[in-house]
Amino acid sequence: MKLGHRQIATAGLLLGVALPGQLATAKKKDRNPVPSQIDPEKRAVHALNRLTFGPRQGDVERVQAMGMDHWIDQQLHPERIDDGALDARLAPFRTLKMNREELFQDFPSGEMIKAVAEGKRALPSDPLKRAVYQAQLDQYEQKQERKAENVASATLPADAIAKPDKMASDDRMYSEEKIQQVLDMQPEQRIATVLQMPAEEQRTLIASLRGKRDEFLDGMKPREREALLALNNPRQVVNDELIQAKLLRAIYSERQLQEVMDDFWFNHFNVFIGKGADHYLLTSYERDVVRPHALGKFEDLLVATAQSPAMLFYLDNWLSVGPNSDVANGIPKRNHDDWKKRARNSGPINQAKGKRSGLNENYGRELMELHTLGVNGGYTQKDVTEVARVFTGWTLKQPQQGGGFTFEERMHEPGEKMVLGHRIKAKGEKEGFEVLHILAHHPSTAKFVCTKLAVRFVSDDPPGPLVDRMVQTFLKKDGDIRQVMKTMFDSPEFWAADTYRAKVKTPLEFTVSAVRASGAEVSDAASLARQLQNMGMSPYGMQPPTGYSMKATTWVNSSALLGRMNFALALTAGKLKGVQVNPLIRAGESNPPLDAATTLADLENDLLHGDVSKQTHDTIAARLQDPQISQRRLDDPVRAPNVNAIAGLLLGSPEFQKK
Amino acid sequence: MSITRRIFLRNSAMAAVGTAAIPSFLTRAAYGAVESGTRTKRLVVIFQRGAADGLNIVVPHGEPAYYAMRPSINIPRKSVIDLDGFFGLHPSLAAFQPLWNQRHLAIVHAAGSPDPTRSHFDAQDFMESGTPGLKATDDGWLNRCLHDLPAPADKSAFRAIALGPSLPRILSGSEPALAVNNVNDFGVGGRGANATPMSNTFEAMYAQSVDSVLHGTGQETFDAVRMLKSADPSKYKPAAGADYPKGRFGDSLKQLAQLIKANLGVQVAFADIGGWDHHVNEGSTQGQIANVLTEFSQSLAAFWTDLGDLREDTVVVTMSEFGRTARENGNRGTDHGHANVMFVMSGPVKGGKVYGRWPGLNQSQLYEGRDLALTTDFRQVLGEAVYSHLGNRALSEVFPGFENQPGKFLRLFA
């Protein structure tokens, strides 16, 4: 087996040198309908590079054993693949399975706390939940007091105002000894002790833990861990678990194509986690809206996003009111006397009541520009306004407390609308479905969506004939995404020699592929999320609705490259908290240790399947004896090469930046 | 000032003696600054991403129509910082008032891109490529404006920089340009003893790579890493009175000031600030727009203080992809509009004046019946800065397809 590895490595070196030549000939033969194809031995590497977040050790052999067609078919039907190991990893993250109402109840938002403070909601009776509420109530009351003080002090001269009690801030931090006392307790006692503390002391303790957080939470049940973390910032728990899950899925799921597609569609229908209620809404958005339709019908996906609280909130449609609607005209709800009372709550009618009511174009525009037709898809400003009129009344019941979609007739603009030349007769909520149907089946949508898929899976500048074929499938098969994917994977352009390792990985793809290739064990993905933030690709962190770019030009620059090299070194040196890599790099397991040249060759196979250029190979080989690279002492009797340093150099190499 | 510069020179000279790895351009650049006596002129471009509401930033408080169209989000006349009896600054721009009084701040109203798009993405793309309506342009105008510009002493890796994790469209192109996310960890392998061999190995790998995408960027990156290590900008602390507010934008400008003060040959620089897309509850003197304007103006004012006498060589221009609807919408916010306002901050600018023709806000004067009409093309403002301040006369290359005659300039500069 070892010998076999080295043979592949040699083949890879040759391939690396031959690539530029192949590129040149491919360009000359532009008219040839069938591009020259990938070396058969490399097909499995290519498929894994593009359909997954990067091959793990042994994946290539597994795909080869299974047969390419069978493997792709299986990936296209993720429900047939057992993912029990991933499920077990995700089990401690309870929020992933909660519905919106539960999330808002267990991890109360500011509005929930306000409702309790004003006596509109009761405190939960469960002691853990109650503690979370009391901690937030305490903070809320302090804030109210400060506000009142500010109003009072505004009338006093500036120097008469007492300086805020900065002195007290030291007292507010917990001392090392006091923390240690808590850590020394049994888990049950630790929880009981914390629950007995006044709210402010609880927050102080949690905030003072820093590096000792894991130790503090050790031995507790997931429910207890979550509650204790929530004492300080409830919604952060929801967000952290969502981000953990995204990274753990990308790294460990056997349903890799499903994960790649989830990422693709989430990014296509992007919602930013930092906008108000969306802190709470993305868990359900990803789980209930994006994931079930990721390989289904495009129209179903589109309708699901249009009705999702996450999107309605993010693009403001929940607040859009028809200028001639009952709400705009101040006409009370017929047969219901309580509408005024309801309007005083945080519902949309309250925020949009009276003469000020009007359209909000935000969703109407992005629906056509980013979700369906594309910016050159043939719509006008008039269409944007008309679509906004159609979707008036598609709103939310108290989104800050977990409420869901509702159609509010009284916010809906009456009368006929004209969208893209279609006459939309007045029929309330159904107008929206009619417009979504038109958009989902529009040829511009097929072209826009298929091009975007081809950019993600094939090339930054995808070949026209490939996109055309995908568009045909999209239109013929009623927007069946699985069928479109099949068309793409069956196309010679997908397997063209010049696509092999030709696409630059995004930071997410790079980070996850490095973890997968190295076989690292991730017990806490927070450090990976931080690295992604540094590289400009924070999970769920894209504020504008465009989503992240999938093209090289966005991601190849000095800061990002340095970020990647540093990540590769930190990962392999075991410096990322919660990520253990050491024993899993196969070459390091050998006993007695292999010599440096063999180690390098093995790592080139393990991490890059031998696709290492002569330049990179020679550069590392020339430094293998440098004691600083190998980090070994000169009197080291074994003279073992530093496997981790070599692996770090390979993961940071130009070759590993591409897929 | 002269002391700082001498210390810098001594340090870099010592560094140059200490290692053969310092490229010759760096030592030449270090000495060149004194020998030639010429000072580097520079242009700093700030992008307000998300379409800032120009009408609530520089408020036409002399326009009755403004108050009629914005019943809940207008800036009351008593709250604006009056500039000339007709326009006034949003009160959260108080940090700009001293600059205005010293005539270091000029304003161009009803300015922007003439393209009718109301797509954030397209409009930003057009303002960065410098070719509104043309998507095929593959480089940015801030990169192109270096083509015909004599480089200071020698080409510096820091000639064109963007603060942030990725290189923006405006700086992409054939001239080397850098994205710097954090000046203090711009390097490989940290500061440990083992950092240099690792860094050298990566450098060799990327230098020799045949990959067309990664090779060039890799080389620029390592040139910059070496240069930055030698210049050590972290020792340039903000000047007295330069109080940068917390946040990404303030951090970006603080680091930019460090790079400029470290004499790294910065000629063009770019930074951006988001959070302007106020479709809902925009606010008036308080609220969302007030908060982001506070961060915006305090960061820029701190940057201005921090630059000290380098202000004479610096022009800062702000822009945003389009303005917002003249009327407020149904949610006390504003939707995507057309013309906007630009700030020009500079030592040599003829400030204390609002430039550009005001088109008015009456119904018949609005663009497509809803937005502030455009009377000054953004390329005219930037073209003048490129021509008069940077000294690049080839404006037809910087902004192809746009007739940018010096005779038509707003005469922002003396």
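The values are calculated or read from the model by the stated rules, or taken from the named source; none is laboratory data. In this text, all values refer to a predicted model and were calculated from it rather than measured experimentally. Note that each Cβ is placed from the backbone with ideal geometry, even for glycine, and that neighbours are counted across all protein chains shown. The area values use the complete protein model at the heavy-atom level, side chains included, leaving out ligands, DNA and RNA. Shrake-Rupley method; radii C 1.70, N 1.55, O 1.52, S 1.80 Å.
Given the structure, is residue A:80 open to solvent by 60 Å² or more (accessible area, probe 1.4 Å), more than 20 Å from residue A:499 (Cα to Cα), in contact with a Leu (Cβ under 6 Å, 6 or more places away or on another chain) and not aromatic (Phe, Trp, Tyr)? When the stated conditions are applied, residue A:80 does not pass them. Residue B:233 meets the conditions (1) crowded, with 19+ Cβ neighbours inside 10 Å; (2) closer than 29 Å to residue A:648 by Cα; (3) of a type outside the set (Val, Ile, Thr); (4) within 12 Å of chain A (Cβ to nearest Cβ) in every case but one. The failed one is (4).
If you go through segment B:108-147 and pick out every residue that is of a type in the set (A, V, I, L, M) and either within 15 Å of the chain's Cα centre (by Cα) or within 11 Å of another protein chain (Cβ to nearest Cβ) (or both), you end up with 3. Restricting the search to segment B:268-285, which residues are more than 13 Å from every other protein chain (Cβ to nearest Cβ) and part of a loop (DSSP other than H, G, I, E, B)? Matches in segment B:268-285: B:283, B:284, B:285. When segment B:372-396 is limited to residues that are more than 23 Å from residue B:133 (Cα to Cα) and not in a helix (DSSP H, G or I), the one that is most open to solvent (accessible area, probe 1.4 Å) turns out to be B:393. In segment B:291-371, counting only strands (runs of 3 or more DSSP E) that sit wholly within it, the ones holding 2 or more residues that are more than 14 Å from chain A (Cβ to nearest Cβ) and in contact with an Asp or Glu (Cβ under 9 Å, 6 or more places away or on another chain) span B:340-346, B:353-355.
The residue that is surrounded by the most Cβ atoms within 10 Å (Cβ to Cβ), among those in segment A:520-538 that are assigned to a loop (DSSP other than H, G, I, E, B) and away from chain B (no Cβ under 14 Å), is A:525. When residue A:398 is tested against (1) closer than 18 Å to residue A:305 by Cα; (2) crowded, with 17+ Cβ neighbours inside 10 Å, just one condition goes unmet, and that condition is (1). Looking across segment B:182-202 at every residue that is modelled with pLDDT of 85 or more and part of a loop (DSSP other than H, G, I, E, B), the one that is surrounded by the fewest Cβ atoms within 10 Å (Cβ to Cβ) is identified as B:182. Residue selection: residue B:254 satisfies the criterion of being away from chain A (no Cβ under 11 Å), free of Cβ contacts under 8 Å to residues at least 60 places away in the same chain and not in a loop (DSSP other than H, G, I, E, B). Test residue A:560 against the stated conditions and say whether it is under 29 Å from residue A:43 (Cβ atoms) and under 23 Å from the mean Cα position of the chain (by Cα). Against the criterion (under 29 Å from residue A:43 (Cβ atoms) and under 23 Å from the mean Cα position of the chain (by Cα)), residue A:560 does not qualify.
When we screen B:349, B:398 for residues that are touching a Leu at 6+ places or on another chain (Cβ under 9 Å), closer than 22 Å to residue B:140 by Cβ, of a type outside the set (Phe, Trp, Tyr) and at pLDDT 95 or above, the only hit is B:398. Here are some residues: A:385, A:392. Which one is surrounded by fewer than 20 Cβ atoms within 10 Å (Cβ to Cβ) and polar (S, T, N, Q)? Among A:385, A:392, only A:385 is surrounded by fewer than 20 Cβ atoms within 10 Å (Cβ to Cβ) and polar (S, T, N, Q). Look at segment A:360-379: where a residue is more than 7 Å from chain B (Cβ to nearest Cβ) and a partner is assigned to a loop (DSSP other than H, G, I, E, B) and of a type in the set (Asp, Glu), sitting 6+ places away or on another chain with Cβ atoms under 8 Å, you get A:363/A:316.
Within segment A:556-570, being outside any loop (DSSP other than H, G, I, E, B), open to solvent by 10 Å² or more (accessible area, probe 1.4 Å) and either more than 7 Å from chain B (Cβ to nearest Cβ) or closer than 17 Å to residue B:161 by Cβ (or both) holds for A:559, A:563, A:570.
Out of B:106, B:111, B:95, one residue alone is touching a residue at least 40 places away in the same chain (Cβ under 8 Å), more than 26 Å from residue A:315 (Cα to Cα) and open to solvent by 10 Å² or more (accessible area, probe 1.4 Å). It is B:95. For residue B:156, the requirement of being farther than 22 Å from residue B:384 by Cβ, open to solvent by less than 20 Å² (accessible area, probe 1.4 Å), among the small types (Gly, Ala, Ser) and touching a Leu at 6+ places or on another chain (Cβ under 7 Å) is met. Highlighted here are the helices (runs of 4 or more DSSP H) found entirely within segment A:420-502 that include at least 2 residues which are open to solvent by 50 Å² or more (accessible area, probe 1.4 Å) and within 28 Å of residue A:388 (Cβ to Cβ): A:429-440, A:443-457.
With respect to being open to solvent by 70 Å² or more (accessible area, probe 1.4 Å), in contact with a helix residue (DSSP H, G or I) (Cβ under 6 Å, 6 or more places away or on another chain) and modelled with pLDDT of 85 or more, residue A:181 falls outside the description. Once segment B:115-146 is narrowed to residues that are farther than 18 Å from residue B:321 by Cα and at pLDDT 90 or above, the residue that is surrounded by the most Cβ atoms within 10 Å (Cβ to Cβ) is B:145.
Taken over segment B:57-78, the criterion of being within 14 Å of another protein chain (Cβ to nearest Cβ) and either part of a loop (DSSP other than H, G, I, E, B) or among the small types (Gly, Ala, Ser) (or both) is satisfied by B:68, B:70, B:71, B:72, B:73, B:74. Within segment A:388-403, the set of residues being away from chain B (no Cβ under 12 Å), within 29 Å of the chain's Cα centre (by Cα) and modelled with pLDDT of 95 or more comprises A:391, A:394, A:396. Would a scan of segment B:262-278 turn up a residue that is open to solvent by less than 20 Å² (accessible area, probe 1.4 Å), touching a Pro at 6+ places or on another chain (Cβ under 6 Å) and over 21 Å from residue B:45 (Cβ atoms)? No, there is no match, as no residue in segment B:262-278 is open to solvent by less than 20 Å² (accessible area, probe 1.4 Å), touching a Pro at 6+ places or on another chain (Cβ under 6 Å) and over 21 Å from residue B:45 (Cβ atoms).
Kindly establish whether residue B:77 is out of contact with any His (no Cβ under 9 Å at 6 or more places or on another chain), of a type outside the set (Asp, Glu) and modelled with pLDDT of 95 or more. Spelling it out, it is not the case that residue B:77 is out of contact with any His (no Cβ under 9 Å at 6 or more places or on another chain), of a type outside the set (Asp, Glu) and modelled with pLDDT of 95 or more. Filtering segment B:203-224 to residues that are more than 8 Å from every other protein chain (Cβ to nearest Cβ) and either free of Cβ contacts under 8 Å to residues at least 60 places away in the same chain or surrounded by 23 or more Cβ atoms within 10 Å (Cβ to Cβ) (or both) leaves B:203, B:207, B:212, B:216, B:219, B:222. Residues that are within 9 Å of another protein chain (Cβ to nearest Cβ) and free of Cβ contacts under 8 Å to residues at least 40 places away in the same chain within segment B:148-176 comprise B:165, B:166, B:167, B:172, listed in sequence order.
Give segment A:251-279 a look and list any residue that's hydroxyl-bearing (Ser, Thr, Tyr) and open to solvent by 10 Å² or more (accessible area, probe 1.4 Å), or say none. Before you say what the answer is, go through the steps one by one.
Of segment A:251-279, the ones hydroxyl-bearing (Ser, Thr, Tyr) are A:252-253.
Matches in segment A:251-279: A:252 only.
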